[in-house]
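One structure is given below, encoded as structure tokens.
The values are calculated or read from the model by the stated rules, or taken from the named source; none is laboratory data. Computed from a predicted model, the values in this text were never measured in an experiment. Here the Cβ positions follow ideal geometry from the backbone for every residue, glycine too, while neighbour counts run over all protein chains shown. The accessibility values were calculated without ligands, DNA or RNA, using every heavy atom of the protein model including side chains. Shrake-Rupley method; radii C 1.70, N 1.55, O 1.52, S 1.80 Å.
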Amino acid sequence: ETGVTQSPTHLIKTRGQQVTLRCSSQSGHNTVSWYQQALGQGPQFIFQYYREEENGRGNFPPRFSGLQFPNYSSELNVNALELDDSALYLCASSRGTGSYEQYFGPGTRLTVT
Amino acid sequence: GENVEQHPSTLSVQEGDSAVIKCTYSDSASNYFPWYKQELGKRPQLIIDIRSNVGEKKDQRIAVTLNKTAKHFSLHITETQPEDSAVYFCAASIEGSQGNLIFGKGTKLSVKP
């Protein structure tokens, strides 16, 4: 059984640019949730994807968007990057929506300069 | 919306002692309470969870208790070891919220040899 993977590991972007982060879910999981973790804070829910549709969204602006593919992998896209977007972006996969165990990937560290 | 508060923010114990971390939640509809351990530079790792239909759950040296009336839950680690040193996060999820986990701000546990 393969775990959750994410790419890239680190990324440096300039304010105003766009970025795409990728996540492969754990084998047997069909749901991917994305979280933003600022330094010294707990993860904050961005949104969740289930069966290729957005299935819930946290308090993040529309410039944060995503996709899920038929193999359940997922992308997080952030447009018009701001300095405050600098954070660790984590994806978590689960067997379904609702109160299922969520298993996290290693994260992508995004730095916006 | 749901709010999760976690205490203490830092905890230092001697090896072999017990450690207790406490969390409170605001929404009585919350029904799933996982705990994650995050070592420096690594992914959050699910270590134990509890659902609202049980009051206590144990897994070797780790236990979690839930008091639905008081809306608080706690993580208990017995016979602590240096490798238990990490940041621990509690989280809560509301039934029907698409598994949106609301995290506490974390507790940095240091176990001194």
Might you report the magnitude of the Cβ-based charge dipole of region A:13-113 about its Cα centre, with Lys and Arg at +1 and Asp and Glu at -1, to the nearest 20 debye? 140
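Take peptide A:100-107, look around each residue's Cβ out to 10 angstrom, count Cβ atoms belonging to other protein chains, and average those counts. Don't jump to the answer; show the numbers that get you there.
Details: counts 3, 5, 10, 4, 7, 2, 3, 5.
The mean count of partner-chain Cβ atoms within 10 Å per residue comes to 5.
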At B:Asn3 and B:Asp27, where each label point lies 7 Å from the Cα along Cα→Cβ, what is the point-to-point distance in nanometres? 1.4
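In Å² (nearest 100), what accessible area is buried between A and B, both sides summed, heavy protein atoms only, 1.4 Å probe? Before the final figure, lay out the partial values.
Details: alone 6120 and 6560 Å², together 11020 Å².
Approximately 1700 Å², summed over both chains.
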For the charge dipole of chain A, defined by +1 on Lys and Arg C-beta atoms and -1 on Asp and Glu C-beta atoms about the Cα centroid, which residue among A:Gln44, A:Pro8, A:His29 has the Cα displaced farthest towards the positive pole? A:Pro8
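Quick check: at a probe of 1.4 Å, how many percent of the accessible area of chain A sits on carbon and sulfur atoms? Walk me through the intermediate numbers first.
Working: 2430 of 5310 Å².
On chain A, the fraction of accessible area on carbon and sulfur atoms equals 46 percent.
Which peptide among A:30-42, A:54-66 comes first, and what is the full order, when sorted by highest mean count of other Cβ atoms within 10 Å? Intermediate results must be reported in sequence, preceding the final value.
On the way: A:30-42: 20.1, A:54-66: 14.8.
Top of the packing list down: A:30-42, A:54-66.
Based on the alpha carbons, how large is the Rg to Rh ratio for region B:20-98 when Rh follows Kirkwood? Show your work: numbers first, answer last.
On the way: Rg = 12.7 Å, Rh = 13.1 Å.
Computed over Cα atoms, the ratio is 0.97.
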Averaged over peptide B:34-45, how many Cβ atoms belonging to another chain are found within 10 Å of each residue's Cβ? 4
Distance between the C-alpha centers of region A:1-50 and region A:86-113? Whole Å please. 4
Multiply the residue separation of A:Ala80 and A:Asn59 by 0.36 nm, subtract the distance between their alpha-carbon atoms, and state the gained length in nm to one decimal. 5.9 nm
Using 7 Å Cα-to-Cβ label points, what is the B:Glu79/B:Gln45 separation (nm, one decimal)? 1.8
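Averaged over A:40-53, how many beta carbons belonging to a partner chain fall within 10 Å of each residue's beta carbon?
On the way: counts 5, 5, 15, 9, 3, 9, 1, 2, 5, 1, 2, 0, 0, 0.
Mean number of neighbouring Cβ atoms from other chains: 4.
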For region A:6-19, what does the Karplus curve 6.51 cos²θ - 1.76 cosθ + 1.60, with θ = phi - 60°, yield as ³J(HN,Hα) per residue in whole Hz, taken in order and with x for Gly and Pro? 9, 8, x, 6, 9, 8, 10, 10, 9, 3, x, 6, 10, 9
Given unit charges at Cβ for Lys, Arg (+) and Asp, Glu (-), the dipole magnitude of region B:20-113 about its Cα centre in debye, nearest 20, is 160
Dimensions of region A:54-98 along principal axes (Cα, Å, largest first)? 34, 20, 19
Can you give the translational diffusion coefficient of region B:52-113 in µm²/s, computed by Stokes-Einstein from the Kirkwood radius over Cα pairs at 4 °C and 1.567 mPa s? 97
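Please report the net charge: other residues with Cβ closer than 11 Å to the Cβ of A:Pro43, K and R +1, D and E -1.
Values: positive: B:Arg43, B:Lys105; negative: none.
Net local charge, A:Pro43 excluded: +2.
Reported to two decimal places, what Rg/Rh ratio describes the protein assembly as shown when computed on Cα atoms with Rh from the Kirkwood expression?
Working: Rg = 17.4 Å, Rh = 17.9 Å.
My calculation puts Rg/Rh at 0.97.
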